[in-house]
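What follows is one structure encoded as structure tokens, with my remarks underneath.
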Amino acid sequence: MPELQNYRRVLIIRLSAIGDVVRTLPAVNAWHEACPETRFTWLVEPAAASLLEGHPALDRVLVFKRGLLRRPLGSPAAFGRGLWSLADLVRQLRRARFDLVVDFHGILKSAVFARLTGSRNRVGFGPGTAREGAHFFYTSRFQPSRPDLNRVDRALELAAFFGVPKAGEAACRLPVSRQSTQRAHELLAGLAELPGSGPLIAIHPGSSPATAYKRWHLDGYVGLIEALVERLGARVILTWGPGERETAERLAGRARVPLLVAGRTRSLPELTAIFKLCDLYVGGDTGPMHLAAATGTPVVAIFGPTHPEVNAPRGAAFRIVRHPLPCSPCRRRSCPSRLCLAAIGWPVVMAAVEELLAGAAPRRH
């Protein structure tokens, strides 16, 4: 491989999901710090695009609007627009003349995009790590040091393959703009009406439809929220994303203590800014959990079937609460029992919250 400084135009491919994009950023941050003259472009799907737009390490963000290719019934014109959008994206990728393309995603779709750039240097993971035959599309392949490596460290190892120096914990932090912070304060205007004066705690009970198997039961959240307010005088806010508002409102309706359901965020930076204002975050193994940790906010993560080492948050103090079973970790999204989550009671989560709060300095709100 050529010297690191020889790569002046670099394409980063990590299409989704939100948490995986967050966990790829430290590698790009470290690379940008080592080579500030390098111009980075990132190819991503719409769900995580707002997280990258305006990021100081990136020169450009390209968005693959995959939803446009799902032909609506009776609407060939819409499908045609989708094909035109895809063709335009490929033209932009080829015109950029990238010196290097790095596929941090490692699936067939991302590898095809890498090949379509026409770059002579296309690097990704080797067989066993890359999936769906993606490794056949790369000119160089990299194998992580072990399969159960934390995803942040795996991305950093791939960057180190090109000579990027090992990054410190600061590389895991997400910048939060003044505008996003101002918007976060607006969304939390109702905090003044809450009676408590204790820590400000964000709870994110939902997840995307595809990751419903990661959700802790609402009974647990109800018990936890009531204990937080009654024992600690905490001010609890419920955050939510697309399709999750009903879950947050149902939880708020069941709790017998005052709390605040946050307003609708328009972007991931706004949600990130809310987390940065908080003293603690509680939620499942989801993208918002990684966003909260990337702001430096302590995290209590409630894990079900997913691997605790591979998916542990980075960038902040954290505690993982889980109920290990002989069958876990696993990838059975359709598990009928979800005992690994059902067996977790709120007292053990509360203990993790108290432990983290005891060692954290309160924030100014």
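Quick note: the coordinates plus some simple rules give every number you see, no bench work behind them. Only a predicted model underlies this, so the values are computations on that prediction, with no experimental measurement involved. Using ideal geometry, Cβ is built from the backbone for each residue, glycine included, and neighbour counts are taken over all protein chains shown.
State the volume of the convex hull built on the alpha-carbon positions of the range 87-162, expressed per residue in Å³ and rounded to an integer. Each step should come with its number before you reach the end.
Values: hull volume 6.4 nm³, N = 76.
Spread over its residues, the Cα hull of the range 87-162 gives 84 Å³ apiece.
Comparing Pro199, Pro56, Pro36, which has the greatest mean-square fluctuation in the GNM of the chain with Cα pairs linked when under 10 Å apart?
Pro56
Magnitude of the Cβ-charge dipole of the range 237-297, K/R +1 and D/E -1, about the Cα centre, nearest 20 debye? Display every interim value, and only then the final one.
Working: 7 positive and 6 negative charges, 37 e Å.
For this selection, approximately 180 debye.
Place +1 on the Cβ of every Lys and Arg and -1 on the Cβ of every Asp and Glu in the chain, take the dipole about the Cα centre, and give the residue among Leu277, Phe113, His32 whose Cα lies farthest towards its positive end.
Of Leu277, Phe113, His32, it is Phe113.
Please list, in order along the range 281-290, the HN-Hα scalar couplings obtained from phi with the Karplus expression 6.51 cos²θ - 1.76 cosθ + 1.60 (θ = phi - 60°), rounded to whole Hz, x for Gly and Pro.
Coupling constants for the range 281-290: 10, 10, x, x, 7, 9, x, x, 4, 6 Hz.
Residues with amide H under 5 Å of Val261's amide H, sequence separation 5 or more or different chain, H placed in the peptide plane at 1.01 Å from N; which?
Leu238
Hey, could you get me the Stokes-Einstein D for the range 4-172, Kirkwood radius over alpha-carbon pairs, 4 °C and 1.567 mPa s, rounded to whole µm² s⁻¹? Numbers along the way, then the final one.
Numbers: Rh = 16.3 Å.
My calculation gives 79 µm²/s for D.
Order by neighbour count: Val101, Val164, fewest other Cβ atoms within 10 Å first, most last. Don't jump to the answer; show the numbers that get you there.
Values: Val101 32, Val164 21.
Ascending number of Cβ neighbours within 10 Å: Val164, Val101.
Excluding Glu226 itself, what net charge comes from residues whose Cβ is under 13 Å from its Cβ, given Lys and Arg +1 and Asp and Glu -1?
After counting each charged neighbour, the total is +1.
So what are the chain's ellipsoid semi-axes, whole angstrom, largest first, if each one is the square root of 5 times an eigenvalue of the alpha-carbon gyration tensor?
Details: eigenvalues 265, 96, 90 Å².
Over the Cα atoms of the chain, the ellipsoid semi-axes are 36, 22, 21 Å.
Taking amide hydrogens as modeled 1.01 Å from N in the peptide plane, which residues meet the under 5 Å criterion relative to Gln143, leaving out close sequence neighbours?
Gly126
I need the phi-derived Karplus couplings for the range 7-23: 6.51 cos²θ - 1.76 cosθ + 1.60, θ = phi - 60°, integer Hz, Gly and Pro marked x.
Running phi through 6.51 cos²θ - 1.76 cosθ + 1.60 with θ = phi - 60° gives 8, 9, 10, 10, 9, 9, 10, 8, 6, 6, 8, 4, x, 6, 5, 4, 7 Hz.
Under 13 Å from the 7 Å Cα→Cβ point of Arg266, by amide nitrogen: which residues of the range 163-192?
Residues passing the 13 Å test: 179-184, 186-187.
Amide H neighbours of Leu62 under 5 Å, at least 5 residues apart or on other chains, H built in the peptide plane: list them.
Under 5 Å from the amide H of Leu62 lie the amide H atoms of Trp42, Leu43, Val44, each far enough along the sequence or on another chain.
Applying the Karplus parametrisation 6.51 cos²θ - 1.76 cosθ + 1.60 with θ = phi - 60° to the phi angles of the range 45-56, what ³J(HN,Hα) value in whole Hz is obtained for each residue in order, glycine and proline being reported as x?
Using θ = phi - 60°, the values come out as 8, x, 4, 10, 4, 5, 5, 9, 5, x, 5, x Hz.
Once fully extended, how much extra length lies between Lys109 and Ala78, figured as 0.36 nm per residue of separation less the alpha-carbon to alpha-carbon distance?
On the way: separation 31, 0.36 × 31 = 11.16 nm, distance 2.14 nm.
Contour length minus Cα-Cα distance gives 9.0 nm.
Sequence gap at least 6, Cα distance under 8 Å: using those rules, report the relative contact order of the chain to the nearest whole percent. Don't jump to the answer; show the numbers that get you there.
Numbers: 700 pairs, mean separation 55.2, N = 365.
It comes to 15 percent, rounded to a whole number.
I want to verify the translational diffusion coefficient of the range 178-358 in µm²/s; compute it with Stokes-Einstein, Rh as the Kirkwood radius over Cα pairs, at 20 °C and 1.002 mPa s. Could the numbers behind the result be given before it?
Working: Rh = 16.2 Å.
D, rounded to a whole number, is 132 µm²/s.
Give, in nm to one decimal, the length gained when the segment between Ala210 and Glu53 is fully stretched (0.36 nm per residue of separation minus the Cα-Cα distance). Working shown, then result.
On the way: separation 157, 0.36 × 157 = 56.52 nm, distance 2.48 nm.
Here the segment from Ala210 to Glu53 would lengthen by 54.0 nm.
With a ≥ b ≥ c the root eigenvalues of the C-alpha gyration tensor of the range 169-230, is it rounded (a/c under 1.5), prolate (a/b larger than b/c) or oblate?
Details: a/c = 1.91, a/b = 1.12, b/c = 1.71.
Note, shape of the range 169-230 comes out oblate.
Set the Förster distance to 51 Å, then compute FRET efficiency between Ser145 and Glu193 from the Cβ-Cβ distance, nearest 0.05. The partial results should precede the final answer.
Values: r = 51 Å, r/R0 = 1.00.
The pair Ser145/Glu193 has a calculated efficiency of 0.50.
Let's test this: bin the Cα-Cα distances of the range 140-185 at 10 Å from zero up to the farthest pair and state each bin's percent.
22, 38, 20, 17, 4
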